[in-house]
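The values are calculated or read from the model by the stated rules, or taken from the named source; none is laboratory data. Given the structure is predicted, the values throughout are model-derived calculations rather than measurements. Using ideal geometry, Cβ is built from the backbone for each residue, glycine included, and neighbour counts are taken over all protein chains shown. Protein only, heavy atoms only, side chains kept; ligands, DNA and RNA dropped before computing areas. Shrake-Rupley method; radii C 1.70, N 1.55, O 1.52, S 1.80 Å.
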Amino acid sequence: QVQLVESGGGLVQAGGSLRLSCAASGSIVSISAMGWYRQAPGKQRELVARIITGGSTNYADSVKGRFAISRDNAKNTVYLQMNSLKPEDTAVYYCNAGLVERPSYRYLEPWGPGTRVTVSA
């Protein structure tokens with residue numbers, strides 16, 4: 001069974017940095033896109049950053065210049081380096097991936113359980 005597991009969340013002061021990791025495990029044929037989303041209390045889940053196989057990335061306007069997404073294809077892992085954190089970055093961060101599993105060769109878009117990031121003022 002394919003699953004995603006995030007790590008690296010925590011409490012940090014404004015201006016600080018955190019690095020999130022998300023590893024995909026299970027029988028995976030290939031992964032196309034991997035991305036990070038976040039959901040703050042009382043708000044809808046929103047895209048933070050996304051990276052596709054070729055390395056192209058896109059970011060939410062609110063994090064451009066502060067966050068950087070990268071991936072290690074050999075480890076089926078995606079990272080989110082978050083710098084210059086602000087209190088408004090406080091949210092639960094979720095990992096998502098578009099992948100093909102083995103042996104069914106079905107296309108799936110699983111989510112991780114999330115990791116909490118809290119930025120204090």
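May I ask you to list the lysines whose Cα is less than 19 Å away from that of LYS86, ignoring any residue fewer than eight positions away on the same chain?
LYS43, LYS64
Of TRP111, TRP36, which has the most accessible area with a 1.4 Å probe, and how do the rest follow in descending order?
Details: TRP111 110, TRP36 0 Å².
Largest accessible area first, the list is TRP111, TRP36.
Report, in debye and to the nearest 20, how large the dipole of segment 1-118 comes out about its Cα centre when Lys and Arg carry +1 and Asp and Glu carry -1 on their Cβ. Show your work: numbers first, answer last.
Details: 13 positive and 8 negative charges, 11 e Å.
It works out to roughly 60 debye.
Give, as a single signed number, the net charge of other residues whose beta carbon lies under 11 Å from the beta carbon of ALA121, with Lys and Arg counted +1 and Asp and Glu -1.
Details: positive: LYS86; negative: GLU88.
The answer is 0.
Mean shadow of segment 43-121, computed from the convex hull of its alpha carbons, in nm²? Present the calculation step by step, with values, prior to reporting the outcome.
Details: hull surface 25.4 nm².
Approximately 6.4 nm², given one-decimal rounding.
Would you work out the relative contact order for the chain, in percent, from Cα pairs under 8 angstrom that are 6 or more residues apart?
Numbers: 307 pairs, mean separation 44.2, N = 121.
After rounding, I find 37 percent.
Out of all DSSP beta bridges with both ends in the chain, state the antiparallel percent to the nearest 5. Numbers along the way, then the final one.
Working: 40 of 44 bridges.
Approximately 90 percent, going by the DSSP bridge assignments.
Give the residue list of trypsin sites (Lys or Arg not before Pro) in segment 32-121 that are DSSP loop and have at most 16 other beta-carbon atoms within 10 angstrom.
Here the trypsin sites (Lys or Arg not before Pro) that fit, given the DSSP loop and packing criteria, are LYS43, ARG45, LYS64, ARG66, ARG106.
Mind checking which aspartates and glutamates have their Cα closer than 14 Å to the Cα of LYS75? Skip sequence neighbours fewer than 8 apart in that chain.
In chain and number order, the partners are GLU6.
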